[in-house]
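Input: a single structure, listed below in structure tokens.
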Amino acid sequence: MHKINIAIDGPASSGKSTIAKIIAKDFGFVYTDTGAMYRGVTYLAIKHQVSFLDETALIELIENYPITFKQTDWGQAVLIQGEDVTQALRQPEVTNHVSEVSALPGVRDHLVKVQQKIAASGGVVMDGRDIGTTVLPQAEVKIFLVASASERAKRRYKENQDKGIKSNYNTLKKEIEQRDYTDSHRETSPLKQAKDASLVDTTGFSIDEVVATVESIVKEKMGEVK
Ligand code: CDP
Ligand code: CDP
């Protein structure tokens, strides 16, 4: 059977990675978290004290310290030079600066090429902000996941609580809204629903319910492209 690619885009905490991982497992596809790549560059910039505005130095970091993925029982680990940075990439310092780094056209150009290579032979579920519009405009399935800002802040709050991390709901909501604004208003590949993407509003829906909706869209498309 023809190996299709699935693009999942949407704003922060809309459930992209959770849903993408389950879909990839159920269909035997490879999951790729492109947000982790932008977070990876931001993490490296902090670690090596490189300015978030110094595009040339940031691209050098990407070339010298490639970000790789390792499939695990629970999903996926992110590695830089063999070091597991999965948790480090979720630190508030990285989250609060990643949108500055991801707005730089040179950084995007570089990472988009890496992402396109990963998906070149199909069978990939890739999540991010510009997968359906820029990275994989030919993807056979495109999903745009959304949820209200308060629902998304509640999800992040609960996620932190479960991990034993103290957080403030109002701060989380403000940070999410700020990041959505920056991601949607940048000049290069802003967060935007592709014209041919299926919009799935996950507000008030459980993970299982969203997975069922997305899988029925995927099965319908797979039937079409067989
Ligand atoms: O998981 P969460 O929704 O918080 O964010 P993420 O998917 O890890 O992405 C982190 C940031 O990377 C986003 O806020 C965007 O600024 C950037 N990003 C992007 O510009 N393009 C992508 N394809 C993926 C992420
Ligand atoms: O990748 P993205 O930032 O879009 O979101 P995520 O990290 O997959 O999901 C954020 C949080 O929302 C996680 O803790 C998920 O378990 C939770 N979630 C949920 O409660 N209900 C959904 N329908 C989807 C995700």
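What separates the Cα centres of region 9-32 and region 183-226 is a distance of 10 Å. Database remark: amide H of LYS142 closer than 5 angstrom to the amide H of ALA7, SER198 (H placed geometrically; neighbours at sequence offset of 5 or more, or on other chains; Pro and chain starts carry no H). Listed peptides 85-94, 101-110 appear in the order 101-110, 85-94 once ranked by packing, highest mean of other Cβ atoms within 10 Å at the front.
Among 26-39, 70-83, how do they line up from the highest to the lowest mean number of other beta-carbon atoms within 10 Å?
Details: 26-39: 19.6, 70-83: 12.7.
Per-residue Cβ counts within 10 Å, averaged per peptide and sorted highest first, yield 26-39, 70-83.
Per-residue 3J(HN,Hα) values for region 63-77, derived from phi via the Karplus relation 6.51 cos²θ - 1.76 cosθ + 1.60 with θ = phi - 60°, read 5, 7, 10, x, 8, 10, 10, 10, 5, 10, 4, 8, x, 7, 9 Hz in sequence order (x marks Gly and Pro).
In order along region 142-149, phi translates into HN-Hα couplings of 10, 10, 10, 8, 10, 6, 4, 4 Hz, rounded to whole numbers, per the Karplus curve 6.51 cos²θ - 1.76 cosθ + 1.60 with θ = phi - 60° and x for Gly and Pro.
Taking Cα centre as origin and charging only the Cβ of basic (Lys, Arg, +1) and acidic (Asp, Glu, -1) residues, the dipole magnitude of the chain rounds to 300 debye. Label point of THR188 set 7 angstrom out along Cα-Cβ; within region 86-112, amide nitrogens under 16 Å from it belong to 98-112. Coupling constants for region 131-140 follow from the phi torsions by the Karplus curve (6.51 cos²θ - 1.76 cosθ + 1.60, θ = phi - 60°), and in residue order they are 5, x, 8, 10, 6, 10, x, 8, 3, 5 Hz; glycine and proline get x. Checking the Cα-Cα distances for LYS3/LYS221; LYS70/LYS117; LYS142/LYS195; LYS16/LYS117 against a 19 Å cut-off, the pairs over it are LYS16/LYS117. Considering helices alone, the calculated mean residue ellipticity of the chain at 222 nm is -16000 deg cm²/dmol, with DSSP H runs of length four and up weighted by -39500 (n - 2.57) and normalised per residue.
Computed from the coordinates by the stated procedures, all read-outs in this text should not be read as laboratory data. Keep in mind that this is a model prediction, so the values were computed, not measured. Reconstructed Cβ throughout: ideal geometry from the backbone, glycine too, with neighbour counts over all protein chains shown.
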